[in-house]
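Dropping a structure here in structure tokens format, bear with me for questions.
None of the figures in this text is laboratory data; all of them are computed from the coordinates on show. What you see is a predicted model; the values in this text were computed from it and never measured. Cβ placement follows ideal geometry from the backbone for every residue including glycine, while neighbour counts extend to all protein chains displayed.
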Amino acid sequence: MKRFLYSLIALGVLCFDLWTKNLIEENFSLYSFKTIIPGFLELTHTRNTGMAFGVLSDFASPQLPYILSTVSMIAFLLILTFALYSPVSKHRLQIGLMLVLGGAAGNLYDRLTHGFVTDFIDVAYKSYHWPTFNVADSAITIGMGFLLFEILKQESSASKKTTPVVP
């Protein structure tokens with residue numbers, strides 16, 4: 001039952017991601033934008049044909065979408081397998097994995113159906129401009145934070161157990 005509840009996180013991320021991307025596709029022409037917080041946040045309709053943060057977007061190869069889709073599918077399957085074999089009692093681990101899984105599924109869906117990923121969240125501060133991203137990317141980033149926290153907590157617990165007490 002707990003595993004099912006965790007899977008609802010991934011499903012929720014996937015649905016919210018697809019819904020927001022659909023809203024952007026329907027209501028914004030490509031490269032159009034709407035300022036939400038001046039000088040900080042805009043909704044900007046872009047398409048990413050590369051990897052995260054636009055890496056390889058300028059790489060002109062007809063095989064790139066197939067390669068990225070294959071890599072995304074393998075990553076999705078690895079995360080799913082790891083989640084299924086990880087204890088449900090490790091809450092942060094399961095939540096992190098489900099956030100990453102839902103985000104990976106959203107971006108994989110885009111790659112398989114369109115050959116690109118729709119991005120629309122555009123953040124800037126002064127002269128710094130973060131690459132445009134989407135809900136799936138946000139879920140992946142937050143999920144990785146959960147996973148990192150879980151790893152650091154385990155390492156801290158392990159070091160406390162193995163560190164001898166010096167009298």
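Determine, for each peptide in 96-103, 121-128, the mean count of other beta carbons within 10 angstrom over its residues, then list the peptides with the highest first.
In descending order of packing, they fall as 96-103, 121-128.
Sticking with this one: With a 10 Å radius around each residue's Cβ, average the other Cβ atoms per peptide and rank 104-110, 143-149, highest first. Could you put the intermediate results ahead of the total?
Values: 104-110: 23.7, 143-149: 16.0.
The densest-packed peptide leads the list: 104-110, 143-149.
If each of Phe149 and Trp19 carries a label point 7 Å out from its Cα toward its Cβ, how far apart are those two points in nm?
Reported label-point gap for Phe149 and Trp19 is 2.4 nm.
For region 128-143, in order, what is each residue's ³J(HN,Hα) by Karplus, 6.51 cos²θ - 1.76 cosθ + 1.60 with θ = phi - 60°, in whole Hz (x at glycine and Pro)?
The phi angles translate into 8, 10, 6, x, 4, 9, 9, 4, 4, 4, 5, 4, 4, 5, 5, x Hz.
Whole-Hz ³J(HN,Hα) for each residue in region 110-115, computed from phi via Karplus 6.51 cos²θ - 1.76 cosθ + 1.60 with θ = phi - 60°, x for glycine and proline: what do you get?
Along region 110-115, the couplings run 4, 4, 6, 8, 10, x Hz.
Sticking with this structure for a sec: Going by C-beta contacts inside 10 Å, put Ile37, Ile140, Ile151, Ile9 in order with the fewest on the left. Walk me through the intermediate numbers first.
Details: Ile37 9, Ile140 24, Ile151 13, Ile9 19.
Fewest-to-most Cβ neighbours within 10 Å comes out as Ile37, Ile151, Ile9, Ile140.
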